[in-house]
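Everything below concerns the one structure shown next.
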Protein chains: 2
Amino acid sequence: MDVFEVMETCRAMRYLKPDPVPREMIEQLVFYATRAPSPRNTQEWDFVIVTDEATKQRIGDVIGDRITARVASYPPPDNEADRRMNEGSLTLAQSLANAPVLILVCGPTDYPRGRPIEKWGWASLFPAAQNLMLAARALGLGSTLTTFNDHADSEIREWLELPDDVRIACMLPIGWPARDFGPVRRRPVDEVIHWERWQPDLRPQQGDIAPKD
Amino acid sequence: MDVFEVMETCRAMRYLKPDPVPREMIEQLVFYATRAPSPRNTQEWDFVIVTDEATKQRIGDVIGDRITARVASYPPPDNEADRRMNEGSLTLAQSLANAPVLILVCGPTDYPRGRPIEKWGWASLFPAAQNLMLAARALGLGSTLTTFNDHADSEIREWLELPDDVRIACMLPIGWPARDFGPVRRRPVDEVIHWERWQPDLRPQQGDIAPKD
C-alpha cells in the first residue's frame, strides 16, 4: 500500500471489532515498529502484547473508570469538535477490554552513559509507535495512540510484571476497524510552517485547532 | 512507494548532497508530518524550515563544536558498532551547515487544561517527525532524526526568534542522499516482544544492542 495513502488515511480508530488478530500480524507490527530510528541506534524498546481477556478487562476497568471521572471534571465542551473528542476518549477508554489486542510500547528508565532519559527515550519510542500504527493501517488494522496507561501506571506495571527499570510510553488498542478508514482532518500546512524563522505567530487561537480526526 | 519498503529502507542519512530541495517538497514533508496523531487532535506543532546559509552555518558551527567535545569526552569505543556510531554523530554534527535544509519540529511548552507537557508533547511531535522522515524517504530525500539542537537550545531559539512558549523537539537535516538507502539493521523481533507479560528479561546486555544502522 502506498505510503502517502497510508499516512493520509491513518485515522485514530476508536471503534474495533472483537475478531481476533493473527499472531503473525502482531509480529509484523513489531517488526515495522522497530524499523524506526533510535538515538545512536540503541534500539532500547520493548513491546508487551496483551490478548488475555482477564488482563485486558482489569486494564480496561481501571482506565475506563479514571478517564470517565477525568472527562466529567472538564468544563462542558463549548463546540462540536471538543464534544466529539470527549466522546471519543470516553468510548475508547470504556471499551479498551474489547480490543482484541493491547500493545504497550516500553523503554528503559535510563540509558547508558547517563544520558537524560526523559526526552531521549521518547525520541525513539514514539517514532516506533507511529511506524506500528502505519503498518497496522497498511494491514487493514485499526489502532489509536493513547497514553491512557499513565492513569493506571502502577497497576498495569504490576499486572504485566514490568521490571522497575522499564517504563511505558503508550498503549495501542489494535483490531479490525468497525468504522471506515478515511482522510484525517488537519490544519493547513501554511499555518504550521515557518520559513527561516518564527516570524509572525500564525497559530490560531484555542478553539480553532481541533477539527475532528 | 510501498509503505513497508519505505520503513525498511529509511536509514538515517548522515551524508547529504548540497543540491537544493524544492520548496514544494518541503511543504509536502510538513503535510505528511501533520497527518500524525496528536493528543485530542490538538495539532500543537510547528515546523521551522531553515535554508538560509548564514543561519545554517551558525547552527552548524555551535553544534559541531559541542558534539565534537562531547564525543571526545566519551570512553574510547571498544567495538566497531560504537566506533561507527561516534563517527556518524561527528560527521553529522560537523556537516549540519551543508544540509540544504534543516527542519526544526517544535511544540508548545504547555497545553490547554494544564496537562503535563513533558510526555504529552513528545507523544505528538515525534510521531510527526517520523512521518516526515518516511515521506522524505518516499520522495528520495535523506534525513536523520537528531536532538543535537538541545546542545545549543538558547542560541537556536534566539536566532530563529522562537517565542518563549515554544520548544524544539528535534532537528532534521534534509537533502538528497550521498549514500544508498538500504535496509536498516535491527535486533530480531523475538528479542523485543513480550507476550501477555514481561516474563523472562530477554534484553541482551549492552554491547550487543547496536548493530550499524
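Of all residues in segment B:153-170, those that are touching a residue at least 24 places away in the same chain (Cβ under 8 Å) and closer than 19 Å to B:ARG66 by Cα have Cβ atoms under 8 Å from Cβ atoms of residues that are polar (S, T, N, Q) and part of a loop (DSSP other than H, G, I, E, B), 6 or more apart or on another chain, in B:ALA169/B:THR147; B:CYS170/B:THR147. Reported count of residues in segment B:127-160, each being assigned to a helix (DSSP H, G or I), open to solvent by 10 Å² or more (accessible area, probe 1.4 Å) and among the small types (Gly, Ala, Ser), is 2. For A:PRO20, the requirement of being under 19 Å from the mean Cα position of the chain (by Cα) and touching a residue at least 24 places away in the same chain (Cβ under 8 Å) is not met. Residues that are over 26 Å from A:ARG11 (Cβ atoms), among the aliphatic types (A, V, I, L, M) and either without any contact (Cβ under 8 Å) to a residue 24 or more places away in the chain or open to solvent by 10 Å² or more (accessible area, probe 1.4 Å) (or both) do occur in segment A:117-126. Filtering A:SER143, A:SER124, A:SER154 for residues that are at the interface with chain B (Cβ under 10 Å from one of its Cβ atoms), at pLDDT 95 or above and on the phi < 0 side of the Ramachandran plot leaves a single hit, A:SER143. The numbered conditions (1) facing another protein chain (nearest Cβ under 7 Å); (2) modelled with pLDDT of 95 or more are all true for B:ASP65 except (1). Which count do you get for residues in segment A:1-58 that are facing another protein chain (nearest Cβ under 9 Å), open to solvent by 10 Å² or more (accessible area, probe 1.4 Å) and not β-branched (Val, Ile, Thr)? Number satisfying all stated conditions: 20. Pairs linking a residue in segment B:25-45 that is at positive phi and assigned to a helix (DSSP H, G or I) to a residue that is of a type in the set (Gly, Ala, Ser) and surrounded by fewer than 24 Cβ atoms within 10 Å (Cβ to Cβ), with Cβ atoms under 6 Å and 6 or more positions apart or on different chains, are B:ASN41/A:ALA210.
The values are calculated or read from the model by the stated rules, or taken from the named source; none is laboratory data. Only a predicted model underlies this, so the values are computations on that prediction, with no experimental measurement involved. Cβ: placed from backbone, ideal geometry, glycine included. Neighbour counts: every protein chain shown. When the accessible area is computed, the model is the full protein with side chains, heavy atoms only, and any ligands, DNA or RNA have been set aside. Shrake-Rupley method; radii C 1.70, N 1.55, O 1.52, S 1.80 Å.
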